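This report concerns only the one structure given below.
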Amino acid sequence: WNTAQFQKAKAETSKEIESLVKKIYKIAGEEFNLNSPKQLGHVLFENLKLPVIKKTKTGYSTDEDVLHKLALKHELPQEILNYRQLTKIASTYIDALPKMVNPETHRIHATFDQAGTETGRLSSRNPNLQNIPIRTEFGRQIRKAFITKDKNHVLLSADYSQAELRILGHLSQDKNLIQIFKEGKDIHAA
């Protein structure tokens with residue numbers, strides 16, 4: 001676990017969230033609790049007069065689907081979506097991962113389950129390493145904090161596309177199944 005790299009990611013994420021909050025307040029023309037659907041609804045639908053797409057029992061809906069639709073009409077909903085994405089990364093990874101570092105090994109030891117999903121796929125927990133974002137810069141920064149014990153060890157990242165069917169082909173020695181995978185064909189179409 002590379003603490004320095006992780007601290008860098010944490011600092012960058014905090015700075016980006018702070019910058020985004022300021023930008024949102026400027027666009028909205030006022031400060032409000034960004035995590036309050038009621039206050040956000042007030043800003044979007046009463047102050048900015050954006051069209052109400054959906055209502056809930058308690059007021060205006062400000063769920064992700066609604067914000068995506070509203071983002072086509074105004075810049076504030078997109079910035080709220082960006083804020084939600086960053087704060088989710090912060091709470092799920094930035095705040096949680098340091099608490100999972102083993103004090104003796106200074107490493108994170110995830111648990112891998114072979115029977116942890118309904119589909120039978122391999123899963124991990126504490127933390128779920130499969131959900132660490134890769135498409136965002138912040139996700140890539142977090143991933144850089146995972147390092148090997150030393151130069152004699154490696155980290156393996158694998159895309160186990162259709163692993164179960166590949167294992168089935170190997171165990172059953174089904175010639176058609178093996179041939180489909182060797183040729184890189186779409187198993188479902190074949």
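The values are calculated or read from the model by the stated rules, or taken from the named source; none is laboratory data. Not measured: the values here are computed from a predicted model. So basically every Cβ, Gly included, is an ideal-geometry build from the backbone, and we count neighbours across all protein chains shown. For the accessible areas, the whole protein counts, side chains as well, though only heavy atoms, and no ligand, DNA or RNA atoms are used. Shrake-Rupley method; radii C 1.70, N 1.55, O 1.52, S 1.80 Å.
Some points to look at:
- Look at (1) of a type in the set (A, V, I, L, M); (2) touching a strand residue (DSSP E or B) at 6+ places or on another chain (Cβ under 8 Å); (3) open to solvent by 60 Å² or more (accessible area, probe 1.4 Å) and you find that ALA115 fails only one, number (2).
A quick yes/no check of all residues on (1) aliphatic (A, V, I, L, M); (2) in contact with a Phe, Trp or Tyr (Cβ under 7 Å, 6 or more places away or on another chain); (3) without any contact (Cβ under 8 Å) to a residue 40 or more places away in the chain; (4) over 20 Å from LYS10 (Cβ atoms):
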residue: LYS99; (1), (2), (3), (4): no, no, yes, no
residue: GLU104; (1), (2), (3), (4): no, no, yes, yes
residue: LEU129; (1), (2), (3), (4): yes, no, yes, no
residue: THR136; (1), (2), (3), (4): no, no, no, no
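- Residue in the stretch 69-82 that is more than 30 Å from ALA110 (Cα to Cα), of a type outside the set (A, V, I, L, M, F, W, C), assigned to a helix (DSSP H, G or I) and touching an Asp or Glu at 6+ places or on another chain (Cβ under 7 Å) present: no
- For the stretch 50-70, a residue qualifies if it is surrounded by fewer than 16 Cβ atoms within 10 Å (Cβ to Cβ) and under 25 Å from SER19 (Cα atoms), and the qualifying residues are ASP63, GLU64, ASP65, HIS68, LYS69.
- LYS15 vs. criteria assigned to a helix (DSSP H, G or I), among the basic types (Lys, Arg), open to solvent by 70 Å² or more (accessible area, probe 1.4 Å) and over 16 Å from ASN82 (Cβ atoms): no
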